[in-house]
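The values are calculated or read from the model by the stated rules, or taken from the named source; none is laboratory data. These figures come from a predicted structure and were not determined experimentally. Methodologically, a virtual Cβ is constructed for each residue, glycine included, from the backbone with ideal geometry; neighbour enumeration extends over all protein chains shown.
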Amino acid sequence: MKLTKAILVFLMFLSPAVNAQDIQVIVHDSFKYEHFTVAEIVFDFEVINISGQTQTVFEVRTINNLPANWTSSLCFGQLCFPPELDSIVTAPPFPEPPLEPGDTLITSLHVFTDQVSIGTANVQLQVGTLRNPNDRIILDFVATTDPTVNVQLINKLPQDYFLSQNYPNPFNPSTMINFGIKEAGSVSIKIYNILGSEIAEVVNDYFTPGTYSYSFDASELSSGIYLYKIISNDFVQTKKMILQK
């Protein structure tokens with residue numbers, strides 16, 4: 001089994017930690033495992049009981065748009081359930097017990113692809129508690145094996161423009177850059193060296209309002225500090241990134 005960082009996997013989520021009334025969800029790194037003819041893309045996250053009461057947590061898969069021969073599975077810890085199962089809960093017949101105050105539930109979404117076809121999967125999970133079943137945290141995931149896909153729409157209608165710090169940072173050789181566009185318009189993202197000389201324009205297109213993720217590959221660059229700058233309508237912002245080979 002070969003383990004690699006899932007560079008071509010984009011997590012559709014605005015923040016690594018989001019709260020509902022009773023729980024907090026923290027999203028971790030995503031990884032890609034290669035098993036002979038099958039690739040397994042794993043999105044890890046945890047659910048924390050932030051209330052003062054015991055909570056029965058549920059997860060519901062509400063969108064499962066997959067290419068042919070792909071499947072997705074919901075998992076508690078190391079135990080993954082059959083692909084046809086759209087909901088799981090921390091109560092019998094499932095093995096995980098309800099969460100006591102402060103307890104953490106380790107959970108994940110696994111997308112299984114074949115190693116031959118190129119495609120993109122869209123999976124949405126909703127996480128909540130039986131105490132407040134209508135107060136849910138929505139997680140939207142995109143997993144793609146298409147090497148030509150660089151920019152992915154990850155959320156609609158941000159409240160403002162933003163340019164996030166790249167992740168991971170330092171990185172080698174690829175990193176993710178998230179940005180939000182409040183109003184439709186042209187978007188340019190350029191890379192500069194520490195002296196301010198332009199290295200490349202990696203994004204130059206018209207975008208509708210939304211939050212996007214770009215995968216930047218710096219394989220051909222040398223180790224060092226670089227700047228990345230976004231210009232969209234009247235919004236301009238620059239941040240630093242560190243390439244460490």
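Of all residues in the stretch 104-141, those being among the acidic types (Asp, Glu) and either in contact with a Pro (Cβ under 6 Å, 6 or more places away or on another chain) or at pLDDT below 85 (or both) number 2. The set of residues from the stretch 167-197 being under 12 Å from residue 226 (Cβ atoms) and within 18 Å of the chain's Cα centre (by Cα) comprises 169, 171, 175, 177.
Taking the listed residues 225, 181, the one that is closer than 18 Å to residue 142 by Cβ and at pLDDT 85 or above is 181, with no other qualifying.
For the stretch 74-131, a residue qualifies if it is aliphatic (A, V, I, L, M) and closer than 18 Å to residue 42 by Cβ, and the qualifying residues are 74, 79, 85, 88, 105, 106, 109, 111, 121, 123, 125, 127.
Every residue, every condition in (1) assigned to a loop (DSSP other than H, G, I, E, B); (2) at pLDDT 90 or above, yes or no:
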| position | (1), (2) |
| --- | --- |
| 143 | no, no |
| 148 | yes, no |
| 169 | yes, no |
| 191 | no, yes |
| 237 | no, yes |
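Looking at 91, 39, just one residue is over 20 Å from residue 140 (Cβ atoms), assigned to a strand (DSSP E or B), out of contact with any Cys (no Cβ under 9 Å at 6 or more places or on another chain) and among the aliphatic types (A, V, I, L, M), and that residue is 39.
Inside the stretch 218-230, residues that are over 12 Å from residue 166 (Cα atoms) and surrounded by fewer than 18 Cβ atoms within 10 Å (Cβ to Cβ) make up a count of 7.
Applying the condition of being free of Cβ contacts under 8 Å to residues at least 24 places away in the same chain and under 15 Å from residue 64 (Cα atoms) to the stretch 84-126 and asking which residue is surrounded by the fewest Cβ atoms within 10 Å (Cβ to Cβ) yields 84. Among the numbered conditions (1) in contact (Cβ under 8 Å) with a residue 40 or more places away in the chain; (2) within 26 Å of residue 142 (Cβ to Cβ), tell me where residue 200 comes up short. Of the numbered conditions (1) in contact (Cβ under 8 Å) with a residue 40 or more places away in the chain; (2) within 26 Å of residue 142 (Cβ to Cβ), the odd one out for residue 200 is (1).
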